[in-house]
Amino acid sequence: MASEAPVVSEFSPSPFERAAYYNGITGDDDHPLLLYRSNHGTTPFNKPTGRFASLPVKSIHGVFDTPLNMDNVWIPLGLQIVQIIKARKVSLTSVDPARFYTHPEDDRGKGSLGPVVIWVGVKPGTTSSDIRKTKL
């Protein structure tokens with residue numbers, strides 16, 4: 001049986017980020033764990049601080065009216081991504097364009113819609129953050 005313990009590498013998010021990054025997207029506490037994100041080194045995910053600190057709450061949104069989700073772009077690109085992942089012997093569950101909305105902390109704040117990302121779902125314990133540096 002494969003272990004679900006995180007493999008720590010220079011590409012891994014911190015244990016806090018791994019557990020908290022997708023907070024809220026499932027509507028309960030069973031959100032997925034973050035394995036890797038390409039902007040990990042340039043866009044920090046800071047642990048909330050202060051007396052009333054709370055985790056950011058996110059929701060997932062579809063991608064519409066962008067060049068990426070046009071059939072002549074997404075279908076061949078999505079198939080290439082699947083082929084690359086399968087060649088690395090990773091057991092994937094989904095590959096989808098998505099956007100994550102971070103909700104405001106209160107009714108007066110403004111939330112933010114993140115950029116379009118390619119969200120890759122994998123079966124727990126079937127890969128690690130180090131897979132991203134593997135060449136075919």
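A few comments on the model shown:
- Taking a ≥ b ≥ c as the square roots of the eigenvalues of the Cα gyration tensor, the range 1-130 is oblate, since a/c reaches 1.5 or more and a/b is not larger than b/c.
- Highest-MSF residue in the chain out of ASN46, ASN69, ASN23 [GNM, Cα springs under 10 Å]: ASN46
- Helix content alone sets the calculated 222 nm mean residue ellipticity of the chain: runs of n ≥ 4 DSSP H residues at -39500 (n - 2.57) each, divided across all residues, give -5000 deg cm²/dmol.
- On the beta carbon distance between LEU55 and VAL117, with R0 = 22 Å, the FRET formula returns roughly 0.65.
- Taken about its Cα centre, the chain carries a charge dipole of about 500 debye when Lys and Arg each add +1 at the Cβ and Asp and Glu each add -1 at the Cβ.
- The slack between THR102 and VAL63, meaning 0.36 nm per residue of separation minus the straight C-alpha distance, is 12.5 nm.
- For the range 24-123, the solvent-accessible area with a 1.4 angstrom probe is 72 square angstrom per residue.
The values are calculated or read from the model by the stated rules, or taken from the named source; none is laboratory data. Computed from a predicted structure; not experimentally measured. Here Cβ is always computed from backbone atoms with ideal geometry, including for glycine, and neighbour counts include all displayed protein chains. To get the accessible areas, we keep the full protein, side chains included, count just its heavy atoms, and leave off ligands, DNA and RNA. Shrake-Rupley method; radii C 1.70, N 1.55, O 1.52, S 1.80 Å.
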